Amino acid sequence: MASRLLWASRAASYLRISTFNRAFSTVLKDLKYAETHEWVKVDGDSATVGITDHAQDHLGDVVYVELPEVGVTVGQGANFGAVESVKATSDIISPVSGKVVEVNDQLSEAPGLVNGSPYEKGWIIKVKLSDEGELNSLMDSDKYTKFCEEEDTKH
């Protein structure tokens, strides 16, 4: 039995596959979260948006990020771009409404930042909020953690 496990872990490391599942993804306390696995960090009337660690973990290696143009208006619950991974392409849904004031141009050259640093270097857009009240409909870190755990047990 042990030799079979050793062989499996050697094969996995050769293929660069993880032989264990992480118990949970990183969820940061000071952010707000949408059920579609985007996060929002609010700073005054500005909000930074990205996809969560949970989302990038399920997507796998990100190979391309479709970004909106600066100046476009995004609406809460509306698609504004896409993340393409080795497994699938997934729409990015805006957790807030507002005007895009900045996009993370680094993602064009290094889309893997979404995997390696989903909450810092892998942010996707910055928005000038048009309705701060929308933040009340988003989850805090505790609710989001519970949401992810429940979602994972369904699959």
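Listed values, structure above:
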{"quantity": "Qualifying residues in region 92-103 (those that are more than 25 Å from Asp142 (Cβ to Cβ) and free of Cβ contacts under 8 Å to residues at least 40 places away in the same chain) - the one surrounded by the most Cβ atoms within 10 Å (Cβ to Cβ)", "calculated": "Val100"}
{"quantity": "Test set (1) in contact (Cβ under 8 Å) with a residue 24 or more places away in the chain; (2) under 25 Å from Lys29 (Cα atoms) - Lys121 fails condition number", "calculated": "(1)"}
{"quantity": "Identity of the residue in region 44-80, surrounded by fewer than 21 Cβ atoms within 10 Å (Cβ to Cβ) and assigned to a strand (DSSP E or B), that ends up farthest from the chain's Cα centre (by Cα)", "calculated": "Thr73"}
{"quantity": "Any hit, region 93-103, residues being part of a strand (DSSP E or B) and under 12 Å from the mean Cα position of the chain (by Cα)", "calculated": "yes"}
{"quantity": "Filter result for Val114 (modelled with pLDDT of 95 or more, in contact with a Pro (Cβ under 9 Å, 6 or more places away or on another chain) and of a type in the set (A, V, I, L, M, F, W, C))", "calculated": "no"}
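The values are calculated or read from the model by the stated rules, or taken from the named source; none is laboratory data. Just so you know, these numbers come straight off a predicted model, no measurement behind them. All Cβ positions, glycine included, derive from the backbone under ideal geometry; neighbour counts span all protein chains shown.
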